[in-house]
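Notes for the one structure printed next.
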Amino acid sequence: MVANGTGVEMGTGGTRDLQTKAMPAQPTRVTGLTAKPPGPNALYSNIDKVHGDWRDDLIRDGYVVIKSAVPAERAANYRDDMLSYLETFAGGQGFKRDDPTTVLEKHLPIMNEKGMILGYGAQHEQFCWDIRAEPGVLNAFTTIYDTDDLMVSFDSMNMQWPNRKDAQPNTPWPHQDQHPETWNFRCMQGLVNIFPNGANDGGLIVCKGAHKLTEEFHNEFRDEVDKVWSWTPEWYGFTKSGMEWLEKKGLEWVKPCAEPGDLILWDSRTPHYNLPPTGESPRFCTYVCMGPLSDISQEQLRLKKEAFENCRGTTHWPQGLNIIPPGAVPVKRNGEECPHNTWQPRKKPVVSELAWKLTGIPYIQTEA
Ligand SMILES: [Fe+2]
């Protein structure tokens, strides 16, 4: 389901120069902030409430596409940033954006079979931070939680090409990114789409409406013997019998299509996976997930600060629970640790004041 806008002013786009000028080189560093909890208009605070906008679609379907959360001109700039990132990777390893024959692992950062870049401190590339602080993206999440005090995940990006010769097969991996014994809405996941993403262009596939059956499903499947292994409790993989259960309920797997700059949101309870593109266009996106800072402990904030300062990535959970330490995920090239992987971005990001708040660091209270 596609919604028309976030109901907030998103601007009409601007040049890269304007964007850079708007971001101070030395942003004001606020400290000692107190987080306001979600307000009375937060999603699911009143289940009977009709919002009259994209939130109704999100509640009903478990996902929504918010059009032009990033204005088209800036989305094009981010596409250029991402392609330049690949062309300059480790000093330039041979990838050229206009030469499909260079879409080979030897020319690129290591990506897993799903298209995720998990090494190289990629989560802290400047364009990742700029996208996180995009007004339309931020406004979508402040509308969901009805508070301005939010923390963002240090998620990565996804890059996939059609007809890639040397990629491992990307077999569907249907899952929920939420503990199977927690059934209420807890987290909104998001991605900002970069290339035109039509029916054959791969990307996110969701099981429409299945978030509403989470409790019923997990009560039935609690004791299944062939559970899919997970490194984190905040994840559940659907087995063949689980998929059959969803099908018997008449639920449908759908592919949300999106234009550059559209923000796709999905409830962490919504089963999902991704597919590689089979058309003409690559599929690029960055993941952006936010949650209320009032849900996060001071200890988690301090972990998140450490992760920010050391350019560590996280899963989609904004809380500091799932920080990925160096070496925890394989970044192997020809069977060996990738020699280009320093776990650091090309340059430390310069974050705006808005993005600085999203790190959660200004909300750390000084010890008495
Ligand atoms: Fe996921």
message = Looking only at segment 257-273, count every residue that is over 19 Å from CYS128 (Cα atoms) and part of a loop (DSSP other than H, G, I, E, B) and tell me the total.
response = 5
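Scanning segment 274-290 for residues that are part of a loop (DSSP other than H, G, I, E, B) and either buried (at least 24 other Cβ atoms within 10 Å of the Cβ) or within 15 Å of the chain's Cα centre (by Cα) (or both), which turns out nearest to the ligand (Cβ to nearest atom)? Spell out the reasoning first.
In the first step, residues of segment 274-290 are kept if they are part of a loop (DSSP other than H, G, I, E, B); the result is 276-282, 288-289.
This time we only want the ones that are either buried (at least 24 other Cβ atoms within 10 Å of the Cβ) or within 15 Å of the chain's Cα centre (by Cα) (or both), so: 282, 288-289.
Values: PRO282: 20, VAL288: 13, CYS289: 10 Å.
Selected residue: CYS289.
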task = Only residues in segment 100-117 that are in contact (Cβ under 8 Å) with a residue 12 or more places away in the chain count as the first member; pair them with residues that are charged (D, E, K, R) and assigned to a loop (DSSP other than H, G, I, E, B), Cβ under 8 angstrom, at least 6 apart or cross-chain, and list the lot.
result = VAL103/ARG164; VAL103/LYS165; LEU104/LYS165; LEU104/ASP166; GLU105/ASP166
inquiry  = If the requirement is being surrounded by 19 or more Cβ atoms within 10 Å (Cβ to Cβ) and in contact with a helix residue (DSSP H, G or I) (Cβ under 7 Å, 6 or more places away or on another chain), which of these qualifies: LEU293, LEU321?
reply    = LEU293
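The numbers here are math on the coordinates, done by the rules we state, and not lab data. Model, not experiment: these values are computed from the prediction. Positions of Cβ are backbone-derived with ideal geometry, glycine not excepted, and every protein chain shown enters the neighbour counts.
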